[in-house]
């Protein structure tokens, strides 16, 4: 693996890029981030990069999280870098079109040998990576087979050692036919438009090689048929879908999580000591050194040594079950000295009496910490909620590692707890469910259907999700935050009824000073928040695209929204947990034909 000479923000290696992603850099350069087992922590002290979030580590089955190394001098004139490989490997000269295939591990960008041969005294011309690649649904990625495709059915055999390929562009049209490829050795030439036909790869008998450049693997087993492979642009959005898990750091069962983490970290040493000392003595020694509960440590150590299955017990935990812990804490007041989480729960009686019908309480969160971890990725389609975490992690490194890359960001927020009694009465209106069925039907037709459950979507989830979008837009306007600096965290099950959660946290967690200036919490106080809510609901009653927007039967990504567009509801995708899907103003404020289906229809 080579070390990149380009700079990138630390948080950008969690999202929108990460391991296996192709990053476009200035000056027409593209690099693919290498696997975790090649990240160069061994030359430095990795402890300084560690992130403490035992609850999330327990759920994901890892010992620790590490921040991506930052790019600056660290003693002995060394720089900490993230390793990468060159991909795609096909490069062409922007002047003469000469094509050359380079190594994954080339340290320098290639220059055109043809132009240099013609004019040795001229400045070398940097070649440009070709933009076409082949993507496999199993996560593999390879260069487009230009030589084999170009020579197919031409009467000439492609020989990489003798055939010279050129890439030429014609003027006068915007279609793919402007891109022409030719072999100057054989004389064959083709328009790239032919390569986009569905049977193009099958016709030349191209099979996926199982290539995983980010792990240094050229060939591996792959069951994908040629018809399942896709020719794609290198910067297309379907080339890499990162899957992240986030967690609000809360003081819930923190002792148990710390003990679990400590036992896993010292398990090898404990097994060596167990023959010469009792479990209770080992537990006492280790727990006192870390200021942990000795009794709990002893009990959990016995369970671990007896293989009672608590190791990585929460690795497949349901997201809603995981968030229930946060939901319970967010409905309380917490003041812990030097802890990165502080809340003040206020009864809705402290606010305008009009809000008591819709909310149960409001919690101000002046201090919070969020951990965002990259757990894996997929290609062609998003990962999906049902994906196995162990399977996802296999693509992150060639050799198993006990950590995941993550970042921690600090901020503040406002938590809204909805009135469940009002929600139950609202759900008795059959028209509400009928309207949400339109989104369910869109999900069934969507290529992203596997991302969701087989059960029916819950109307209260769509309502709370849409309310969060309306509030973020209004808070951005009133507080001066950029809408991309505010995020939502929904506490409501989308399909099941295992946990009674009906709330949403709107918070800043942008990793800079904008996330901790106090403006959001001040806006959540009594005599201020009411006007924001009233304004958000009133603005939602009319969109500049109405009546088209409010009467829509499906719009937005995969038609999974009803009355929701960029003029009224949609947000930057970094702010929305669900990619601007599952939204509808209609069940928040009602529709032109039926105002009664709106949860806030009576709020004036």
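The values are calculated or read from the model by the stated rules, or taken from the named source; none is laboratory data. No experiment lies behind these values; they were computed from the predicted model shown. Using ideal geometry, Cβ is built from the backbone for each residue, glycine included, and neighbour counts are taken over all protein chains shown.
Can you confirm whether residue 334 is in contact with a strand residue (DSSP E or B) (Cβ under 6 Å, 6 or more places away or on another chain) and at pLDDT 80 or above? Reasoning before the result, please.
Details: in contact with a strand residue (DSSP E or B) (Cβ under 6 Å, 6 or more places away or on another chain): yes; at pLDDT 80 or above: yes.
It is true that residue 334 is in contact with a strand residue (DSSP E or B) (Cβ under 6 Å, 6 or more places away or on another chain) and at pLDDT 80 or above.
Residues being buried (at least 18 other Cβ atoms within 10 Å of the Cβ) and either at pLDDT 95 or above or touching a strand residue (DSSP E or B) at 6+ places or on another chain (Cβ under 8 Å) (or both): count how many of those fall in the stretch 551-562.
4
So which of 583, 571 is touching a strand residue (DSSP E or B) at 6+ places or on another chain (Cβ under 6 Å), at pLDDT 90 or above and assigned to a loop (DSSP other than H, G, I, E, B)?
Numbers: 571 fails: touching a strand residue (DSSP E or B) at 6+ places or on another chain (Cβ under 6 Å).
Testing whether each residue is touching a strand residue (DSSP E or B) at 6+ places or on another chain (Cβ under 6 Å), at pLDDT 90 or above and assigned to a loop (DSSP other than H, G, I, E, B) leaves just 583.
Please verify whether residue 216 is touching a residue at least 24 places away in the same chain (Cβ under 8 Å) and either surrounded by fewer than 19 Cβ atoms within 10 Å (Cβ to Cβ) or more than 24 Å from residue 237 (Cα to Cα) (or both), treating the condition exactly as stated. Reasoning before the result, please.
Details: touching a residue at least 24 places away in the same chain (Cβ under 8 Å): yes; either surrounded by fewer than 19 Cβ atoms within 10 Å (Cβ to Cβ) or more than 24 Å from residue 237 (Cα to Cα) (or both): yes.
Yes, satisfied.
Just to verify a result, which residue in the stretch 396-421, among those that are surrounded by fewer than 17 Cβ atoms within 10 Å (Cβ to Cβ) and over 21 Å from the mean Cα position of the chain (by Cα), is nearest to residue 248 (Cα to Cα)?
Here the residue is 420.
Tally the residues that are assigned to a loop (DSSP other than H, G, I, E, B) and modelled with pLDDT of 75 or more, restricting the search to the stretch 293-318. It would help to see each step written out before you state the result.
First, the residues of the stretch 293-318 that are assigned to a loop (DSSP other than H, G, I, E, B): 293, 306-318.
Now drop any that are not modelled with pLDDT of 75 or more, which leaves 318.
Total meeting the criteria: 1.
Identify the residue in the stretch 164-176 that is within 23 Å of residue 229 (Cβ to Cβ) and surrounded by 13 or more Cβ atoms within 10 Å (Cβ to Cβ) and, among all such residues, is modelled with the lowest pLDDT.
Initial filter on the stretch 164-176 (within 23 Å of residue 229 (Cβ to Cβ)): 165, 167, 175-176.
Within this subset, residues satisfying the condition of being surrounded by 13 or more Cβ atoms within 10 Å (Cβ to Cβ) are 165, 167, 176.
Values: 165: 94, 167: 91, 176: 62.
So the residue we want is 176.
With (1) within 26 Å of residue 557 (Cβ to Cβ); (2) in contact with a helix residue (DSSP H, G or I) (Cβ under 9 Å, 6 or more places away or on another chain); (3) surrounded by fewer than 16 Cβ atoms within 10 Å (Cβ to Cβ) as the list, and residue 382 as the residue in question, which single condition is left unmet?
Looking at each condition in turn, residue 382 falls short on (3).
Taking into account only those residues within the stretch 440-494 that are surrounded by fewer than 22 Cβ atoms within 10 Å (Cβ to Cβ), part of a helix (DSSP H, G or I) and touching a strand residue (DSSP E or B) at 6+ places or on another chain (Cβ under 8 Å), which is modelled with the highest pLDDT?
Step by step, filter the stretch 440-494, then rank; the result is 461.
Please go through the stretch 126-144 and give me each residue that is part of a loop (DSSP other than H, G, I, E, B), touching a helix residue (DSSP H, G or I) at 6+ places or on another chain (Cβ under 8 Å) and crowded, with 19+ Cβ neighbours inside 10 Å, ordered by number. Working first, answer last.
To start, the set of residues in the stretch 126-144 that are part of a loop (DSSP other than H, G, I, E, B) comprises 127, 130-131, 136-140, 144.
With touching a helix residue (DSSP H, G or I) at 6+ places or on another chain (Cβ under 8 Å) added as a condition, the list becomes 130, 136-137, 144.
Of everything in the stretch 126-144, those that are part of a loop (DSSP other than H, G, I, E, B), touching a helix residue (DSSP H, G or I) at 6+ places or on another chain (Cβ under 8 Å) and crowded, with 19+ Cβ neighbours inside 10 Å turn out to be 130, 136, 144.
Residue 268 passes all but one of (1) closer than 22 Å to residue 130 by Cβ; (2) more than 31 Å from the chain's Cα centre (by Cα); (3) assigned to a helix (DSSP H, G or I); which number fails?
Here residue 268 meets the rest and fails (1).
Taking the stretch 278-292, which residues are surrounded by 16 or more Cβ atoms within 10 Å (Cβ to Cβ) and assigned to a loop (DSSP other than H, G, I, E, B)?
Filtering the stretch 278-292 down to residues surrounded by 16 or more Cβ atoms within 10 Å (Cβ to Cβ) leaves 279, 282-284, 286-287, 292.
Of everything in the stretch 278-292, just one residue is surrounded by 16 or more Cβ atoms within 10 Å (Cβ to Cβ) and assigned to a loop (DSSP other than H, G, I, E, B), namely 292.
Out of the residues in the stretch 500-538 that are part of a helix (DSSP H, G or I) and closer than 21 Å to residue 326 by Cα, state the one that is modelled with the lowest pLDDT.
Taking the stretch 500-538 first, the residues part of a helix (DSSP H, G or I) are 513-516, 519-523, 529-538.
Remaining after also requiring closer than 21 Å to residue 326 by Cα: 515-516, 520-521.
Details: 515: 47, 516: 53, 520: 90, 521: 93.
It comes out as 515.
Could you identify the single residue in 602, 497 that is out of contact with any strand residue (DSSP E or B) (no Cβ under 7 Å at 6 or more places or on another chain) and at pLDDT below 90?
Details: 602 fails: at pLDDT below 90.
One residue alone meets the criteria, 497.
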